[in-house]
Amino acid sequence: MTFPQAGGIPGPHEGGPPGPSRPHLPGLSGQPGHWPSSPQPAPSDRPPTRPNHGPNPRIPVLPPGYRWHASRPPSAIPPRPRPSRPPSPTPRYASPPRWGLVQHFPLASAEPAADQEKPLRTALIEIALSTLTTFLGLFAFAEAFRYGLAFYGRGHLLPAALVAVSGSFLSVVFWLSLVLIIAVAAALAWWLWLERDLAYAANHRADPRRWWEILLLALVPLVNLVALGVLLKELLDEHERRGRRSWQPALRSWWLWWAGGHLAALSYALWTLNSSVQARTEALFLGAALGVVLLLLTIRTRRLISAIDASKHPNSPDRADKPVRWVIATDAARTPELASA
């Protein structure tokens with residue numbers, strides 16, 4: 001290969017395209033042997049270069065060989081087919097419907113509660129409960145007094161007569177209270193049996209429990225902790241059928257006191273099994289607390305019985321103001337049809 005002479009070849013910075021007199025020499029730009037030239041215009045037949053993005057600058061143009069794949073949104077995906085169920089039975093009424101227009105009627109003017117005569121059984125129960133309340137108060141006072149004497153006697157000498165009188169008074173009050181508790185429990189079971197019989201008979205129904213079953217459930221210890229509340233709830237349910245006020249919240253409150261009385265009595269009985277001096281002194285304090293709990297339980301029981309008995313009066317303000325519903329008189333509606341036939 002022959003190279004041109006230095007005098008007939010332009011310098012590296014001279015312009016002009018390579019020709020016969022200026023061949024294109026291999027090499028890099030700016031080095032000897034390369035003929036730089038101004039940029040040549042693009043041929044007219046070459047398509048213009050596209051930008052590297054579409055109409056939205058945020059969405060780039062995919063390279064060749066790639067394409068967008070559209071997928072269905074989650075909301076448009078059809079749910080999975082569920083297995084078909086057999087047809088359900090036809091809806092029907094087990095008894096004639098009692099729904100209809102509701103109207104509240106004011107209760108008739110009632111007589112004063114003091115003028116209402118109480119049944120003999122309720123009066124006897126209230127007298128027994130009042131007597132038991134008095135003796136339980138005396139029992140709590142005697143236990144607290146003996147505990148005060150024991151606390152004071154740690155550093156002082158107590159008169160023998162005072163100790164003997166207080167001990168005798170406590171023993172008498174304790175046994176009388178115990179006898180009254182048993183008698184009142186039996187009277188409450190008898191009252192509950194009679195009230196249930198009258199309540200079911202007023203609704204033209206028969207009591208599902210026998211008389212001996214009611215007495216056993218109401219008198220057996222630890223069994224009556226739950227059974228007595230169940231018997232009273234059944235009685236209140238029958239009263240509500242006749243439009244009386246619902247005493248279910250009062251019954252639940254009473255049952256809490258009833259369970260608390262059982263717990264206090266059980267704790268006192270277990271504590272007295274210890275014969276040490278310290279245990280006997282602490283048993284006096286527990287006895288006073290037991291008397292207070294039983295006293296409050298007796299008061300709650302008397303109020304519950306009085307409220308249930310007072311609501312039986314037809315014009316009593318304690319009766320529930322239940323709405324009266326207007327229903328279709330089927331007999332009256334059939335009368336014209338029968339007459340026309």
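The number of residues in the stretch 182-213 that are part of a helix (DSSP H, G or I) and either farther than 26 Å from Thr298 by Cα or among the acidic types (Asp, Glu) (or both) comes to 6.
Taking the conditions (1) at pLDDT below 60; (2) hydrophobic (A, V, I, L, M, F, W, C); (3) closer than 19 Å to Leu304 by Cβ; (4) within 35 Å of the chain's Cα centre (by Cα) in turn, Leu129 satisfies each one other than (1). Among residues that are over 27 Å from Thr133 (Cβ atoms) and either touching an Asp or Glu at 6+ places or on another chain (Cβ under 6 Å) or among the acidic types (Asp, Glu) (or both), Glu282 is not included. Taking the stretch 192-225 as the range and being within 32 Å of the chain's Cα centre (by Cα) and charged (D, E, K, R) as the test, the residues that pass are Glu195, Arg196, Asp207, Arg209.
For the stretch 149-170, enumerate the residues that are in contact with a helix residue (DSSP H, G or I) (Cβ under 9 Å, 6 or more places away or on another chain) and part of a helix (DSSP H, G or I). Of everything in the stretch 149-170, those that are in contact with a helix residue (DSSP H, G or I) (Cβ under 9 Å, 6 or more places away or on another chain) and part of a helix (DSSP H, G or I) turn out to be Leu149, Ala150, Phe151, Leu162, Val163, Ser166, Gly167, Phe169, Leu170. Taking first residues from the stretch 211-237 that are in contact (Cβ under 8 Å) with a residue 24 or more places away in the chain and partners that are acidic (Asp, Glu) and part of a helix (DSSP H, G or I), the Cβ contacts under 9 Å between residues at least 6 apart in sequence or on separate chains come to Leu235/Glu195.
The condition of being loosely packed, with under 14 Cβ neighbours inside 10 Å and of a type outside the set (Gly, Ala, Ser) does not hold for Val184.
Which is loosely packed, with under 15 Cβ neighbours inside 10 Å and at pLDDT 90 or above, of Ala279, Ala259?
Numbers: Ala279 fails: at pLDDT 90 or above.
Answer to the check: Ala259.
Residues in the stretch 199-214 that are farther than 16 Å from Glu240 by Cα, out of contact with any helix residue (DSSP H, G or I) (no Cβ under 8 Å at 6 or more places or on another chain) and surrounded by 12 or more Cβ atoms within 10 Å (Cβ to Cβ): Glu213 only. Residues that are modelled with pLDDT of 85 or more and among the basic types (Lys, Arg) within the stretch 83-97 comprise just one, Arg85. Once the stretch 282-315 is narrowed to residues that are assigned to a loop (DSSP other than H, G, I, E, B) and surrounded by 18 or more Cβ atoms within 10 Å (Cβ to Cβ), the residue that is modelled with the highest pLDDT is Ser311.
The values are calculated or read from the model by the stated rules, or taken from the named source; none is laboratory data. For clarity, every value in this text was computed on a predicted model and none was experimentally measured. Neighbour counts run over all protein chains shown; Cβ positions are idealised from the backbone, glycine included.
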